[in-house]
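Shown next, in structure tokens, is the structure this report addresses.
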Amino acid sequence: MGSFLDKDEYSFDDVQALIDNNVEESINLDFKASGALAKTDDKRREIAKDVSAFANSDGGIIVYGITEKNHKADSLSFIDGDDITKEWIEQVINTGVQRHIEGLKIFPIRKDGNIKQSIYIVKIPYSYNVPHISKDKRYYKRYNFESVFMEEYEVRQLYDRKSKSKLFIAGYSIKNINLNEDEATFRIHIDVANEGLSVEDLYKINLYIDEETGVSCAMKFTWDRHINPNDYQILILDERIKISCKGQFPIFPNECVNAMTIQVVVKRDKLDVLQNNSIIELKLFYSNGEDEAKIKSSMFVINESIEIK
């Protein structure tokens, strides 16, 4: 479900896909039927409670306009956009949640452009301006599928978030750098960024190649000579390869660095297998958490302009 959570824009097809795929609610995703957006004090308090819980936790999305069944997206539950507007939802959140949640976004979705058949996607970021208190003067967090009360010690711990790092995998690239009759050599770059408020110097990237076709046996790995070989490690785990790299440099707030650069030599007769059948995963570990991503193996493309040696 990561692709839905990570989108910058949303369409009706994105919402319909949640139902078609019977997507389950989670700590980062919640479905609410149309009745959750009503102009009563109880519903206003409920909106503030749910939004503040996401902001106090790991962020996430509330989809207003989907009925859930057994915590899974079940059916559409349209909202009258003439009655419940984006501006009204913003006003409820801004007056019902303190402190202000920076970066919160609301996406109005209309089926076939019909305002009477509206859905609202409320995207709540991971917040550094914590803790956020709800309209009922309580602090909430996400737990499983619910917004629940926070213990006093949990509220105190939130104040530490302002002094922590928050790393994420910012991107990767794969470039064909050498070619001969038997082998193709690729260079993989992996970048890590820090959107937190403190420096992070303790982090590690793991790259996993997981497949059942034997292509891993046709691969060799090397890295730049100036890097301490003790900072890299290669392990063969059954039919999975794990390449691990310790962080080379501290990452300052709002900075992005190259965290791993490796060269992969692949037998040309195994290249199609690598492109079509392999699962390549990235995992980032650091002192305050972790992140993960998947590499598209289809990016292992031969550049025919490279002279064959």
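The values are calculated or read from the model by the stated rules, or taken from the named source; none is laboratory data. Computed from a predicted structure; not experimentally measured. Reconstructed Cβ throughout: ideal geometry from the backbone, glycine too, with neighbour counts over all protein chains shown.
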Legend entry - First in region 272-285 and closer than 14 Å to Ile188 by Cβ, second anywhere and modelled with pLDDT of 80 or more and in a helix (DSSP H, G or I), Cβ under 6 Å, 6 or more apart: Leu274/Ser297; Ser278/Ser297; Ile280/Ser297
Inset, instruction - Considering (1) closer than 17 Å to Ile61 by Cβ; (2) touching a helix residue (DSSP H, G or I) at 6+ places or on another chain (Cβ under 6 Å); (3) modelled with pLDDT of 95 or more, say which one Val122 fails and leave the rest. - result: (2)
Legend entry - All positions within region 264-288 that are surrounded by 16 or more Cβ atoms within 10 Å (Cβ to Cβ), part of a strand (DSSP E or B) and not hydrophobic (A, V, I, L, M, F, W, C): Lys267, Lys283, Tyr286
Inset, instruction - List the helices (runs of 4 or more DSSP H) that sit entirely inside region 1-107 and contain at least 1 residues that are touching a strand residue (DSSP E or B) at 6+ places or on another chain (Cβ under 7 Å) and of a type in the set (Val, Ile, Thr). - result: 12-20, 41-56, 86-96
Legend entry - Only one of Ile79, Ile119, Ile66, Ile84 that is touching a residue at least 12 places away in the same chain (Cβ under 8 Å), of a type outside the set (Gly, Ala, Ser) and within 21 Å of Arg142 (Cα to Cα): Ile66
Inset, instruction - Output the residues belonging to region 146-181 that are surrounded by 12 or more Cβ atoms within 10 Å (Cβ to Cβ), out of contact with any Pro (no Cβ under 7 Å at 6 or more places or on another chain), farther than 22 Å from Gln248 by Cβ and at pLDDT below 90. - result: Gln157, Arg161, Lys162, Asn178, Leu179, Asn180
Legend entry - Residue match in region 59-71 (condition: surrounded by 15 or more Cβ atoms within 10 Å (Cβ to Cβ), within 22 Å of Lys166 (Cβ to Cβ), small (Gly, Ala, Ser) and in contact with a Lys or Arg (Cβ under 9 Å, 6 or more places away or on another chain)): yes
Inset, instruction - Check region 26-44 and report whether any residue there is touching a Pro at 6+ places or on another chain (Cβ under 8 Å), of a type in the set (Gly, Ala, Ser) and modelled with pLDDT of 95 or more. - result: no
